[in-house]
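Below is one structure, written out as structure tokens; the observations come after it.
Bear in mind these aren't lab numbers, they're just calculated from the coordinates by the rules spelled out. Note that the structure is predicted; figures quoted are calculated from it, not measured. Note that each Cβ is placed from the backbone with ideal geometry, even for glycine, and that neighbours are counted across all protein chains shown.
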Amino acid sequence: MIIDPLSALSTTVIVLIIILILFWPDKGIVWQLQSNHKNSQRVIQEDALKQIYDHEYRNKSATLRSVAGALGFSMDKTSDILDKLMRLGLVSFSDAHYTLTAQGRSYALRVIRLHRLWERYYADETGFPEKDWHKQAEKLEHSTTPSQAAELAQSMGNPLFDPHGDPIPTIAGEIIKHDSLTLNSLKPGNAARITHIEDEPAVLYSQLVASGLYPGMHIYITEKGNDRVRFVAEGEEIVLAPVLANHINVQLIPEELAEDDVSESLINLNLGESAEVTSISKACRGIQRRRLMDLGIIPGTKISAELTTASGNPTAYNIRGAMIALRHDQAKMVKIRRTGSE
């Protein structure tokens, strides 16, 4: 049999090309797969460190079952992850629960710092809806370098808290502990300021977001029962189930401070009525806040409700001589003081 030299050479070249594509250092498919696997393992390990830190921060024991539940993994897989962290000197095990070593705590705080910085960024600098801040931050917390984190923090003025009220760890790993008093522990007649809203689990957090609650909001408790907590915030009455109220941390304040903050929203202004803008809610951030201010909605602005659609949403308001249509979710962010009817 006669072998064509050119054909044999072509086959050899093709084989060499395939080998290079597969095994080229840092660029080949095999290297990329190995790198992705390592990155995936690192992300899982960092998530585990965060969960153990969260247990410790809340004075709870981090057991195999509780960590597995928080991560959403099986007990066997979680055990393998924790064993690896122990071999790395990041976690220790004693009396049936896991704790972070000094090195593990430092590592966890670095990841938490990145997560909360990104949440603050998405809240203040983008138009992403509040329910998506946590998810977006989780995508970036594992890939942001220390220098990028420093630039991010500096660009926002080195914030101390994320948009949920959680303290942002400093570069040195220092962290402020928020108040342990929960909304569910208050009694009728108590006035308080919301200091923190827990953003996990997502299903409960989305309900709190829908209620319009945010850190810094003043509230006044009007009713407390076994099945609900009723309170007034920014001129509106809100009712929460106890399981939701337990996800909100508060600080007691003098009653008169809460009463001063119980102002009406623009959404309550009826057609033909006039008012003066007192403020824009702190819950209104980023692009949405800048848009309202660009429209001339600032403290002292005179505003009146002029027209509405058949559905009542949106409503057209006279703002500085111009007719501006605002949706209910926008009008709710504008705080007013009534001045009468036209």
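Numerical summary
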{"item": "Entries in Lys50/Lys332; Lys77/Lys135; Lys50/Lys187; Lys224/Lys302; Lys60/Lys282 that, when Cα-Cα distance is taken, lie over 28 Å", "result": "Lys50/Lys332; Lys50/Lys187; Lys224/Lys302; Lys60/Lys282"}
{"item": "Inter-label distance for Ala172 and Asp124, nm, one decimal - labels placed 7 Å from Cα along Cα-to-Cβ", "result": "2.1"}
{"item": "Highest-first arrangement of 143-151, 187-195, 70-78, where packing means the average Cβ count within 10 Å", "result": "187-195, 70-78, 143-151"}
{"item": "Label point at Ala96 placed 7 Å out along Cα→Cβ; residues across segment 54-76 whose backbone nitrogen lies under 16 Å", "result": "60-68"}
{"item": "Linear extension gain, Val243 paired with Ser211, 0.36 nm per residue minus alpha-carbon span", "result": "10.1 nm"}
{"item": "Peptides ranked, highest mean first, by Cβ atoms within 10 Å: ranges 111-117, 154-160", "result": "111-117, 154-160"}
{"item": "Size of charge dipole - segment 31-100 - debye, nearest 20, with Cβ of Lys, Arg +1 and Asp, Glu -1, no other charges", "result": "120"}
{"item": "Karplus (6.51, -1.76, 1.60) ³J(HN,Hα), θ = phi - 60°, over segment 316-330, in Hz, Gly and Pro reported as x", "result": "8, 10, 8, 10, 6, x, 10, 8, 10, 8, 10, 6, 4, 5, 7"}
{"item": "Span from the segment 49-72 Cα centroid across to the segment 287-342 one, whole angstrom", "result": "46"}
